[in-house]
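One structure is given here, and the rest of the page talks about it.
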Amino acid sequence: MSGYDFDLFVIGGGSGGVRAGRIAAGYGARVAVAEEYRYGGTCVIRGCVPKKLLVYGSEYAHAFRDAAGFGWTVPPVRFDWSAMIAAKDREIARLEKIYRGLFENAGVKTFDGRATLKDEHTVVIGDRTVTADKILIATGGHPVKPAVPGAELMITSNEAFHLKDLPKRVVIIGGGYIALEFAGIFNGFGSQVTVLYRGEQILRGFDDDIRNHLAAEIVKTGIDLRVKSDVTSVEQGDGGLIVHLTDGSTLEVDCVMAATGRSPNTNGLGLEAVGVETDRDGAVVVNAWSQTSVPNIYAVGDVTNRMNLTPVAIREGHAFADTVFGKKPRAADYEYVPAAVFSQPNVGTVGLSDTDARKKFGEIDVYRTIFRPMRATLSGSEERILMKLVVDARTDRVVGAHMVGPEAGEIIQGIAIAIKAGAKKADFDATVGIHPTAAEEFVTLREKVREPVQA
Ligand code: NDP
């Protein structure tokens, strides 16, 4: 036991901080946490969870549309945004209570307020000053807007969860996770959605087939996707917001949402004074053990800008607690981390794109299928599913699996276990499919794609 007030002080009650605090307390550490807003962090309060609830809500639009092909007469439907938001808010309040309870049950002392560092062992929360042997920075990140005139008229994902009314016409800037997820949400609920992406194709960094296929699929759902297009300014007009684009044209809309990336929450924490190093983007610099340049201060999650995904922050927090308080040193593992974009349709991905695999392994085999899902035969929907495997030709190991289609997140989670375990293409081939499913296509991919997939 240290001579400090606490063995561990966690700044930030989000996914990473909560996991680290609870596990450390389980090892017998005296733990405190400070949270300035609501327990649960980005994921629970203004990220993954409310987003997924809105995705579920908006997906009904597709079901209503498809039902006629199966004999249903769907009466005129009406959507009530405020009812959706109220239901979502009730669920978030329930979850927040659970998060706070997790700390209380683990014997963690909670401080409701903003914490700053005074020195490497001293934390100030309002008029309270406490000391701790170890400090964990788990303050997450925040959305950033493009630096153009009229940016103050834009909303970000933070505000999107609390809009009073559903905007009739929305422009979303960005071609990443948040832009595409909210494009699907607003589109499903009936807004007219335009997505502006500055580059050649959305989802930079993803497999090119996924990028191209998703772009084509979301256009089929009615989203106006414009690539090589960006906003130069926004101004208030008489009938709405006027968005000026790089090609000189304008759009009149009710809402402009910036989904142009997130920045680490490091400002005003007192890091410089204490000597905690940050990088150009303001992220806390850490080693593999999540240790900062000040040896007793650690950082996990989005504030370190390593791999900004909730389950990764949780892993980092857990590994930190095991290492520092559990005498079980281990570092978080970033290899073959699966991810999903909850666009409509979903993207699910694990491992390498074919471009990255080719760079890493030289010779690769690529298997790919694009097909009409069985549901679409009767619904008449034009949707197509894409599935793809990338295989290291030398070892036969599957090093990438990618999908665009309904429930791709659910499907890729299962595939990710096989890939993490080192499955070979022969193991996929030896696995019997579940018929009729879409997922069975992953075990019936026989023909290699002949041409190089990308030039
Ligand atoms: P992303 O980094 O995914 O996407 C940002 C997008 O905005 C990119 O398309 C980028 O273009 C574009 N952009 C950046 N700056 C500008 C600018 N000044 N003007 C115009 N366009 C710009 O960020 P998000 O905000 O979507 O999400 C942040 C992170 O949160 C994600 O990367 C992910 O780690 C995490 N997240 C995960 C989710 C999930 O797991 N389902 C859901 C939501 C978020 P370019 O490609 O050219 O840089």
* **Tally of residues being over 27 Å from S343 (Cβ atoms), assigned to a loop (DSSP other than H, G, I, E, B) and of a type outside the set (A, V, I, L, M) across the stretch 251-276** => 5
* Kindly indicate the residue of the stretch 103-122 that is open to solvent by 80 Å² or more (accessible area, probe 1.4 Å) and in a strand (DSSP E or B) and also farthest from G3 (Cα to Cα) among those meeting that condition. => D112
* **I85, sole failed condition from (1) under 30 Å from R315 (Cα atoms); (2) touching a His at 6+ places or on another chain (Cβ under 8 Å)** => (1)
* Count, please, the residues in the stretch 78-102 that happen to be closer than 26 Å to R22 by Cα, in contact with a Gly (Cβ under 7 Å, 6 or more places away or on another chain) and open to solvent by 40 Å² or more (accessible area, probe 1.4 Å). => 1
* Which of (1) part of a helix (DSSP H, G or I); (2) of a type outside the set (D, E, K, R); (3) at pLDDT below 95 does G3 not meet, given it meets every other one? -> (1)
* State all residues of the stretch 218-250 that are outside any helix (DSSP H, G or I) and closer than 30 Å to G405 by Cβ; if no residue qualifies, say none. => T221, G222, I223, D224, L225, R226, V227, K228, S229, D230
* **Positions within the stretch 234-267 being open to solvent by less than 30 Å² (accessible area, probe 1.4 Å), within 13 Å of the ligand (Cβ to nearest atom) and in contact (Cβ under 8 Å) with a residue 60 or more places away in the chain, in sequence order** => V234, V243, V256, M257, A258, A259, P264
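Is it true that V44 is over 30 Å from A376 (Cβ atoms) and β-branched (V, I, T)? Explain how you work it out, then say what you get.
Numbers: over 30 Å from A376 (Cβ atoms): yes; β-branched (V, I, T): yes.
So V44 passes the test.
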* Condition broken by S157, with the remaining ones in (1) open to solvent by 40 Å² or more (accessible area, probe 1.4 Å); (2) over 23 Å from S381 (Cβ atoms) satisfied -> (1)
* Structure fact -> Across the stretch 280-333, the tally of residues that are part of a loop (DSSP other than H, G, I, E, B) and away from the ligand (no atom under 16 Å from the Cβ) stands at 18
* Asked: Within the group P75, P149, which residue is open to solvent by 80 Å² or more (accessible area, probe 1.4 Å), within 16 Å of the ligand (Cβ to nearest atom) and not in a helix (DSSP H, G or I)?
  -> P149
* Structure fact -> Across the stretch 384-411, the tally of residues that are open to solvent by 40 Å² or more (accessible area, probe 1.4 Å) and under 30 Å from S58 (Cα atoms) stands at 4
* Asked: Among the residues of the stretch 123-136, is any in contact (Cβ under 8 Å) with a residue 24 or more places away in the chain, surrounded by fewer than 16 Cβ atoms within 10 Å (Cβ to Cβ), at negative phi and away from the ligand (no atom under 16 Å from the Cβ)?
  -> no
* **Residue in the stretch 268-305 that is farthest from the chain's Cα centre (by Cα), counting only those that are open to solvent by 40 Å² or more (accessible area, probe 1.4 Å) and of a type in the set (A, V, I, L, M)** => A273
* Right, A416: hydrophobic (A, V, I, L, M, F, W, C) and open to solvent by less than 30 Å² (accessible area, probe 1.4 Å) or not? -> yes
* Which residues, taken from the stretch 359-380, are open to solvent by 60 Å² or more (accessible area, probe 1.4 Å) and within 20 Å of M403 (Cβ to Cβ)? -> R368, I370, R372, M374, R375, T377
* Asked: Restricting attention to the stretch 25-34, does a residue exist that is within 17 Å of S191 (Cα to Cα), basic (K, R) and either modelled with pLDDT of 95 or more or outside any helix (DSSP H, G or I) (or both)?
  -> no
* Structure fact -> Those residues of the stretch 197-221 which are basic (K, R) and touching an Asp or Glu at 6+ places or on another chain (Cβ under 8 Å) amount to R198, K220
* May I ask you to say which residue of Y177, Y197 is open to solvent by 40 Å² or more (accessible area, probe 1.4 Å) and within 10 Å of the ligand (Cβ to nearest atom)? => Y177
* Subset of the stretch 200-217 that is more than 18 Å from P338 (Cα to Cα) and part of a loop (DSSP other than H, G, I, E, B) - its residue that is nearest to the ligand (Cβ to nearest atom) -> I202
* Total residues in the stretch 58-72, condition open to solvent by less than 20 Å² (accessible area, probe 1.4 Å) and either of a type in the set (K, R) or under 22 Å from the mean Cα position of the chain (by Cα) (or both) -> 1
* Options A87, A132; residue that is more than 25 Å from V341 (Cα to Cα), touching a Leu at 6+ places or on another chain (Cβ under 8 Å) and at pLDDT 95 or above -> A132
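The values are calculated or read from the model by the stated rules, or taken from the named source; none is laboratory data. As the structure is a prediction and not an experimental result, all values here were calculated from the model. Reconstructed Cβ throughout: ideal geometry from the backbone, glycine too, with neighbour counts over all protein chains shown. Areas reflect the complete protein model, heavy atoms only, side chains present, ligands, DNA and RNA absent. Shrake-Rupley method; radii C 1.70, N 1.55, O 1.52, S 1.80 Å.
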